[in-house]
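For reference, the structure is listed below as structure tokens.
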Amino acid sequence: MNRLARRLACLLVLAPLPFAASAEPDIAAETAQARATAGKLVSQLGAALEKEMTTGGPVGAIGVCRQSAPEIAGNLSRETGSRVTRVSLKTRNPMIGTPDAWEQAALAEFDRKAAAGEKPETLERAELVDEPSGRVFRFLKAIPVKPVCLACHGTPETIAPAVRDKLLENYPHDKAVGYGIGQVRGAVSIKKPL
Ligand code: HEC
């Protein structure tokens, strides 16, 4: 390459950068923050669930999922200025957990990848999306099925009759059963206006 060509190549590479840096949000930073928030939701809820499972058993712990999950998600939403929720393709509580089109597509992709052998805990999607209300940062992190989940999201062999009855009483349209280890139960969804 001669000198002129080298200079031109330099200009071409460098010129767009200042514009890109000022106009584009820092996706890597947003992703890192969203990942941390999703981690907090899963660990806080996991701790509440474990505590109640050892004291009240799965029947008592149904209340934890019912009250604590929306509470923890609400607190994290306020802390981060984002909308933090849990969604699933097979919901137990369709009022809270029904995915929108973007979430549905990502969840379907997570299911395909998990079925193909990818580790569910590694599955996530981060994207800038232009919505009618403006530009938003969207993040979805898969929630894997663990052994403790099977007491309430598994099969008739793992869900005790008393648990099944209480679930049916509270969630007559429950679709969130029949899961096994290694599957994706749903995802933490984070949406942040930019
Ligand atoms: C004690 C029973 C119980 C256990 C154990 C349990 N869940 Fe749930 N789960 C529920 C209930 C009840 C709801 C509905 C909560 C609500 O009303 O918002 C729920 C809802 C969810 C949702 C929200 C989407 C939906 O289906 O409505 C996800 C995601 C979820 N559970 C994942 C898990 C995972 C992952 C585990 C294991 C780590 C787990 N759950 C263990 C009872 C349980």
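The values are calculated or read from the model by the stated rules, or taken from the named source; none is laboratory data. Predicted model only: the values in this text are computed from it and were never measured. A quick note on method: Cβ atoms are made from the backbone with ideal geometry, for glycine too, and the neighbour counts reach across all protein chains shown. Just the protein is used for accessible areas: all its heavy atoms, side chains included, with ligands, DNA and RNA removed. Shrake-Rupley method; radii C 1.70, N 1.55, O 1.52, S 1.80 Å.
Quick notes
- Verdict on residue 184 being in contact with a Pro (Cβ under 6 Å, 6 or more places away or on another chain) and more than 16 Å from residue 66 (Cα to Cα): yes
- Residues of the stretch 46-78 classified as in contact (Cβ under 8 Å) with a residue 40 or more places away in the chain and of a type in the set (Asp, Glu), total: 1
- Candidate set from the stretch 102-140 (those that are farther than 22 Å from residue 178 by Cβ and charged (D, E, K, R)); member that is most open to solvent (accessible area, probe 1.4 Å): 130
- Scope the stretch 30-45; condition within 11 Å of the ligand (Cβ to nearest atom) and exposed (fewer than 13 other Cβ atoms within 10 Å of the Cβ); matching residues: 43
- Residue count, the stretch 87-109 (criterion: aliphatic (A, V, I, L, M), more than 10 Å from the ligand (Cβ to nearest atom) and either within 19 Å of residue 39 (Cα to Cα) or modelled with pLDDT under 95 (or both)): 2
- Restricting 70, 99 to residues that are within 14 Å of the chain's Cα centre (by Cα), buried (at least 20 other Cβ atoms within 10 Å of the Cβ) and not in a strand (DSSP E or B) narrows the list to 99.
- Residue list for the stretch 159-169, restricted to those being more than 15 Å from residue 56 (Cβ to Cβ) and surrounded by fewer than 17 Cβ atoms within 10 Å (Cβ to Cβ): 161, 164, 165, 168, 169
- Selection within the stretch 147-158: residues that are in contact with a helix residue (DSSP H, G or I) (Cβ under 8 Å, 6 or more places away or on another chain) and not in a loop (DSSP other than H, G, I, E, B). The member of this set that is surrounded by the most Cβ atoms within 10 Å (Cβ to Cβ) is 152.
- Summed over the stretch 171-187, residues that are near the ligand (Cβ under 8 Å from one of its atoms) and part of a strand (DSSP E or B) total 3.
- Any hit, the stretch 73-86, residues being surrounded by fewer than 18 Cβ atoms within 10 Å (Cβ to Cβ) and within 14 Å of the ligand (Cβ to nearest atom): yes
- If you go through the stretch 46-56 and keep only what is over 13 Å from residue 149 (Cβ atoms) and within 8 Å of the ligand (Cβ to nearest atom), you end up with just 52.
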